[in-house]
Structures are given as structure tokens and as C-alpha cells.
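The values are calculated or read from the model by the stated rules, or taken from the named source; none is laboratory data. Quick caveat: nothing in here was measured; it's all calculated off a predicted structure. With ideal geometry, Cβ positions are generated from the backbone for all residues, glycine too; neighbour counts draw on all protein chains shown.
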Amino acid sequence: MSTFFKELTINTVDGRPSYHMITDQVKGAVKESGIQNGMCVVQTTHTTCSVYFDEYMHDKNYYGDDYLQVDLNNVLQKIIPRQTTENHPYLSPGPKHIAYGMKKTDPNYPAIKWTMLNTDGHLRADLLGSSVSLVIKEGLPLLGSVGQVFFVDFDQTRKRQRHVFIMILGD
């Protein structure tokens, strides 16, 4: 059994969910791995981000999001509204979590209280999940005829550099 690991870096946007089709990078990693039969896991460790499997719909809005992503945003907005102020519509983040976050030091992301108003991003990511698993058969990930792998950052408070990890196991 062999293993292969690859990390993708993705630059996201602020003010709206940031969608990225990463299918070609996943296919490239499978090819680079040389593994013919096995399993490919695509995962993010960011708690306001998701990796998911869906169809690419071709039609796009002004921001370049395909219509299925826009529909997903509209559905999620109905069940998980965007957080625009503290304690509304969510209890999180509470004062202890804000105090914890304000002590963190990251030169790329200064501690600013309003950037912690991202509970909606956490809940949306919880719903979609942080990873997908794909079977590899004869050197190709099984995606069906229209399946694509997407990464989305639901944290709308600021743009960031995010990471996706690809782990491939097999023979």
C-alpha cells in the first residue's frame, strides 16, 4: 500500500462565500500519486470551510459563482442567516471566546472583534462537512460524468489564504 499527500493553497474573497472548483487539482494529485486503485480524501481543516461534491452548472452570476452555488447560498441564508452583529441571531461568539480570539497573534489576520462574527460560516460548514472521499479505479477518481469537487469558505468577514489537503491511499 502506498500513500501520497498534497496541499492546495486557495485565496478567498471577503463579503460573500468564496467558491472554488478544485476537481482538476484533485485529478492531478491522483495522477501524480501513481496509485491505480484506492481512496482519495480531500479535506480542509478550517472550521468555516467545506469540501463537497456536486455538479458544475455552467451558468454563472456576476461574481463567477455558478447558479447551483447561488441557489445553495439562498437556501443556507434561509436556514442559517448571516451574522451581522454580536449575539444576533446567534449566541456565539460569547465573551470568553472573544477574549480567547483577541489574544491570538497572527501577522496575516490581526485580532479584530468584528471578524469573529462568523457563526453563520461555522454552522454552514458544519452542515456541508469538511471532506469528501473518492474511490480511485484504474488511476482515476470516480466522479461520474458531471461530478466536481468544490471548496467553499463561508466566512464572509475577510479574505484569507486557506488550505485543502489531499491524501491518497492504495496500490
Considering only the stretch 19-78, how many residues are free of Cβ contacts under 8 Å to residues at least 24 places away in the same chain and of a type in the set (A, V, I, L, M)?
5
One residue from His58, His88 being modelled with pLDDT under 95, surrounded by fewer than 18 Cβ atoms within 10 Å (Cβ to Cβ), within 15 Å of Leu123 (Cα to Cα) and not β-branched (Val, Ile, Thr)
His88
Matching entry among Thr48, Thr9, Thr23, Thr44 (being within 29 Å of Gln77 (Cα to Cα), loosely packed, with under 15 Cβ neighbours inside 10 Å, of a type in the set (Val, Ile, Thr) and under 16 Å from the mean Cα position of the chain (by Cα))
Thr9
Taking the stretch 138-157 as the region of interest, how many residues are crowded, with 17+ Cβ neighbours inside 10 Å and at positive phi?
0
Asp14 - would you say it is acidic (Asp, Glu) and closer than 17 Å to Ser130 by Cα?
no
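Matching residues to (1) assigned to a loop (DSSP other than H, G, I, E, B); (2) among the aromatic types (Phe, Trp, Tyr):
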position: His122; (1), (2): no, no
position: Ala125; (1), (2): no, no
position: Ser133; (1), (2): no, no
position: Ile136; (1), (2): no, no
position: Leu143; (1), (2): yes, no
position: Phe150; (1), (2): no, yes
position: Thr157; (1), (2): yes, no
position: Val164; (1), (2): no, no
position: Met167; (1), (2): no, no
Can you pull out the residues in the stretch 128-171 that are within 20 Å of Ile35 (Cα to Cα) and among the acidic types (Asp, Glu)?
Glu138, Asp171
I'd like the full set of residues that are closer than 11 Å to Tyr52 by Cβ and out of contact with any Phe, Trp or Tyr (no Cβ under 7 Å at 6 or more places or on another chain), limited to the stretch 134-152.
Phe151
Tell me, yes or no, whether the stretch 160-169 has at least one residue that is touching a His at 6+ places or on another chain (Cβ under 9 Å), among the charged types (D, E, K, R) and within 17 Å of Asn73 (Cα to Cα).
no
